[in-house]
Structure formats: C-alpha cells, structure tokens
Amino acid sequence: MADEGPLLFTAELAKRLRVAAGTVQRWRRDGLITPALVTPGGQARWVEADVRDQLRRLDEQRQFDAVAEPDPGFSQGDPD
C-alpha cells in the first residue's frame with residue numbers, strides 16, 4: 001500500500017467515495033478492500049488513494065473476466 005494521505009475513519013472514506021459506510025464495511029468483509037490499519041479494537045483506518053487503487057484494480061479484473069468469458073448465447077457452429 002502506498003500510505004499516501006491521512007488515515008480516514010470508515011465514515012469519512014465512505015463520504016469521499018460517495019457510498020454508505022455500510023458499503024465500505026461490506027467491501028472490507030468480502031475482502032474487496034483492505035484497510036491501511038486496524039486498531040486493537042478492530043476499527044479500520046483507510047488511506048483514500050489505496051482504496052481507490054484497490055477498487056480500480058478490482059474493476060479492471062472484472063472487465064477482463066467479462067471479456068474472457070464466452071457468451072453463452074453465442075454459437076460458432078452453422079445454424080443449418
């Protein structure tokens with residue numbers, strides 16, 4: 001992680017990303033994003049640039065996967 005920028009609380013990160021705090025928490029729980037720091041009490045602290053990079057890589061991977069998977073409605077054979 002780049003660790004560029006201040007450490008943000010989950011609510012502040014959510015505000016900057018224009019999503020609900022619950023969305024950030026769900027992304028973390030699902031392993032889509034990783035906090036820069038977790039306090040002894042289990043609270044996440046985030047670096048906005050790191051999270052944006054993680055989300056960008058996830059989006060790129062999903063786009064690649066969508067292109068790599070064959071269309072189930074596409075047939076290469078002759079329809080006759």
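How many residues does the range 1-47 hold that are surrounded by 13 or more Cβ atoms within 10 Å (Cβ to Cβ), assigned to a loop (DSSP other than H, G, I, E, B) and of a type in the set (A, V, I, L, M, F, W, C)? Total meeting the criteria: 8. Just a yes or no: is a residue in the range 48-70 in a loop (DSSP other than H, G, I, E, B), out of contact with any Cys (no Cβ under 9 Å at 6 or more places or on another chain) and surrounded by 13 or more Cβ atoms within 10 Å (Cβ to Cβ)? No, there is no match, as no residue in the range 48-70 is in a loop (DSSP other than H, G, I, E, B), out of contact with any Cys (no Cβ under 9 Å at 6 or more places or on another chain) and surrounded by 13 or more Cβ atoms within 10 Å (Cβ to Cβ). The C-beta contact set for the range 51-66 (first residue under 15 Å from Leu8 (Cβ atoms), second residue of a type in the set (S, T, N, Q) and surrounded by 13 or more Cβ atoms within 10 Å (Cβ to Cβ), distance under 8 angstrom, 6+ apart or interchain) comprises Gln54/Thr34.
The conditions of being in contact with a strand residue (DSSP E or B) (Cβ under 7 Å, 6 or more places away or on another chain), of a type outside the set (Ser, Thr, Tyr) and closer than 17 Å to Leu58 by Cβ are not met by Leu32.
Every number here is computed from the coordinates shown, using simple stated rules; none is lab data. Bear in mind that the values here come from a model prediction, so they are computed numbers and not experimental data. All Cβ positions, glycine included, derive from the backbone under ideal geometry; neighbour counts span all protein chains shown.
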